[in-house]
Amino acid sequence: MTEWSWEVFYDAIPYVIKGLHITAGLTVASFIFALIFGFVWVILRRIPLRFIQWLSIWTMEFIRSTPPLVQLYFIFYGLPMMPVIGKSLTFSPFMSCVIGLGIHFSTYISEVYRSGIEGVEKGQWEAATALNFSTTQKWTKIILPQAIPPIIPMIGNYLIILFKEVPLASTIGVLGILELANNYGSKTFNYVEPYTIVALLFLILSYPSALLINKLEKKLNQKFDKNTILRENN
C-alpha cells in the first residue's frame, strides 16, 4: 500500500487544477441548458392536447429513469451511428456532456418550475385578470415574481448535484479535474493524492455555492413579497 506523500500532493495540484475551468465551464453550460430546456417541458405539459401532454410526461419519466452515464454514452457513441436525414449526429465530448446532463437535469428542474407556478394562489391569477393584464404582463409582473423565490433553494440544490455529476464526463474523454487526476495517477502510480485534490476542489466550490443560494433566497423573498407586487402594479 502506497503511503501518503505531501510531495506528491503538492506536485499534483497544478496538474489537476488545470482542468478546473473545464469542469466549471461544463457545469455552468449544462445548468443553463437545463434551466432553458426545463421551460420547454413546462410549456409542452401546458399545451391543451392530451397526446402531447402524455408524450412529454412519458419522455421525462424515461429520461429520469435512465442513468445519466448511459445517456452520455448514447449521445457520444450511439448518435453518430444513427443517420438523421442522411447525416449522422456527431458531437464533441464537451458538447455531448452539455446536452446529456442538460436534458437529464431539465426534467427535474421542470418539476420545480411547475411546483412554483402551481404554488401561486388562485387569487393572484384573478388579481392579474382584474388588473386587465396581458398574458405577458400576467406572467412577468404577477406569476413569475411569486413563483421564483420559493424554488430558488431547489434549483440551487440541483446546481450542486449537477456539479457533482460532472465527473461522469471523464468517461467520454472530457479533461476535467477527475480525468486529469486519473492521468496523473496512471503516470506516477500515485492515485490517493490527486483524488484527494479533486475531493477538496469539489468541497471548496460546493459549500460557498450553498451559502450563496441561501442568501439569494432570503433577498428574493424580501423583494418579491406578493403584497408588494400587487401594490406596485396597481
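What does the highest-first list of 108-115, 154-161 look like by mean Cβ count within 10 Å?
Values: 108-115: 19.9, 154-161: 17.2.
In descending order of packing, they fall as 108-115, 154-161.
If I build a Gaussian network model for the chain, linking alpha-carbon pairs within less than 10 angstrom, which residue out of Ile57, Ile172, Ile17 has the largest mean-square fluctuation?
Taking springs between Cα atoms under 10 Å, the residue moving most is Ile57.
Would you be so kind as to identify all helices of the chain, as entire DSSP H runs, whose Cα atoms reach 27 Å or more along the helix's own axis and whose mean Kyte-Doolittle hydropathy is at least 0.5?
Numbers: long enough: 20-46 (39 Å, 1.71); 93-118 (37 Å, 0.62); 144-165 (30 Å, 1.02); 192-223 (46 Å, 0.55).
Span-like helices in the chain: 20-46, 93-118, 144-165, 192-223.
Would you calculate the convex hull of the Cα atoms in the range 6-233 and tell me its volume per residue in Å³? Provide the component values of the computation, followed by the final result.
Numbers: hull volume 33.2 nm³, N = 228.
It is 146 Å³ per residue.
Arrange the peptides 178-190, 121-133 so that the one whose residues have, on average, the most other Cβ atoms within 10 Å appears first. Intermediate results must be reported in sequence, preceding the final value.
Working: 178-190: 17.6, 121-133: 12.8.
Output ranking for 178-190, 121-133: 178-190, 121-133.
Who wins for biggest fluctuation among Thr136, Thr90, Thr107 in a Gaussian network model of the chain, springs between alpha carbons below 10 Å?
Result for the chain, Cα springs under 10 Å: Thr136 fluctuates most.
Could you sort the peptides 40-48, 207-215, 27-35 by per-residue average Cβ neighbour count (10 Å cutoff), highest mean leading? Write down the numbers at each step before the final one.
Numbers: 40-48: 14.6, 207-215: 12.3, 27-35: 19.6.
Peptide ranking by packing, descending: 27-35, 40-48, 207-215.
Can you tell me the dipole magnitude for the range 6-233 around its Cα centre, using point charges on the Cβ only (Lys, Arg +1; Asp, Glu -1), in Debye to the nearest 20?
Result for the range 6-233 is approximately 740 debye, rounded to the nearest 20.
Report the one residue of Val166, Gly19, Val8 whose Cα lies farthest in the direction of the positive end of the charge dipole of the range 6-233 (charges on C-beta: Lys and Arg +1, Asp and Glu -1; origin at the Cα centre).
The listed residue farthest towards the positive side: Val166.
Lys and Arg at +1, Asp and Glu at -1: add these up for the other residues within a Cβ distance under 14 Å of Val192 and post the number. Display every interim value, and only then the final one.
Working: positive: none; negative: Glu3, Glu7, Asp11, Glu193.
It works out to a net charge of -4.
How much length would be gained if the chain were fully extended between Trp6 and Glu121, taking 0.36 nm per residue of separation minus their Cα-Cα distance, in nm to one decimal? Mind dumping the intermediate values first?
Working: separation 115, 0.36 × 115 = 41.40 nm, distance 5.79 nm.
Going from the current span to full extension adds 35.6 nm.
Calculate, for Asn183 and Trp58, the FRET efficiency according to 1/(1 + (r/R0)^6) with r their C-beta to C-beta distance and R0 45 Å; round to the nearest 0.05.
Numbers: r = 41 Å, r/R0 = 0.90.
Efficiency computed from Cβ-Cβ geometry: 0.65.
What is the order of Ile63, Ile99, fewest Cβ neighbours within 10 Å to most? Intermediate results must be reported in sequence, preceding the final value.
Details: Ile63 18, Ile99 21.
Final ranking by Cβ density, sparse to dense: Ile63, Ile99.
No lab work stands behind these numbers, since they all come straight from the coordinates. Remember, it's a predicted structure, so these values are computed and weren't measured experimentally. Cβ atoms come from the backbone with ideal geometry, glycine included; neighbour counts cover every protein chain shown.
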